[in-house]
């Protein structure tokens, strides 16, 4: 069974979550995190997935300063490669949506890599606008109304 919960910034599990994101999201692009990148995440919500007490997935939710206070941006969604394609990413996203509702949020936005668009569509996210480049790869903006 998958256990999902909020992580505390700076503690051991948070540090492990950075390694998963580095492996899944950054290394394939030849990128890494800077200290400034990581410090900017201090006020974001870090939601992690654990399988048999092992951290296997992570996503971040960021409050949107330029939109309604009830909107979050989902970012940095990553599942350890050994645990991908088993439905754990869907469980993590659904948990984060429920957490968002329970904490007064009603809309989640995200920028999906082209390879992840169908994953998010299957979870009820809708496409907004046109393809754009982010970290030098194609993305599309998506959203889900949680109410």
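The values are calculated or read from the model by the stated rules, or taken from the named source; none is laboratory data. What you see is a predicted model, and the numbers here were worked out from it, not measured in a lab. Cβ sites come from the backbone with ideal geometry, for glycine too, and all protein chains shown count toward neighbours.
General remarks:
- Here region 43-52 is the region considered, the condition is being at pLDDT 95 or above and outside any strand (DSSP E or B), and the residue that is farthest from residue 103 (Cα to Cα) is 52.
- Members of region 83-113 that are more than 15 Å from the chain's Cα centre (by Cα) and more than 20 Å from residue 20 (Cα to Cα): 101, 102, 103, 104, 105, 106
- Of all residues in region 54-93, those satisfying the criterion of being assigned to a loop (DSSP other than H, G, I, E, B), free of Cβ contacts under 8 Å to residues at least 24 places away in the same chain and over 21 Å from residue 128 (Cβ atoms) are 84, 85, 86, 87.
- Qualifying residue in region 87-95 (condition: in contact with a helix residue (DSSP H, G or I) (Cβ under 6 Å, 6 or more places away or on another chain) and at pLDDT 95 or above): no
- Evaluating residue 142 against the criteria (1) part of a helix (DSSP H, G or I); (2) within 19 Å of residue 45 (Cβ to Cβ) leaves one unmet condition, (1).
- Of the residues making up region 107-126, just one is part of a strand (DSSP E or B), in contact (Cβ under 8 Å) with a residue 24 or more places away in the chain and more than 22 Å from residue 65 (Cβ to Cβ), namely 113.
- Test result for residue 129, surrounded by fewer than 18 Cβ atoms within 10 Å (Cβ to Cβ), part of a loop (DSSP other than H, G, I, E, B), on the phi > 0 side of the Ramachandran plot and touching a strand residue (DSSP E or B) at 6+ places or on another chain (Cβ under 9 Å): no
- Qualifying residue in region 14-23 (condition: under 25 Å from residue 87 (Cα atoms), touching a strand residue (DSSP E or B) at 6+ places or on another chain (Cβ under 8 Å) and in a loop (DSSP other than H, G, I, E, B)): no
- Number of positions in region 30-44 that are loosely packed, with under 11 Cβ neighbours inside 10 Å and over 17 Å from residue 16 (Cα atoms): 3
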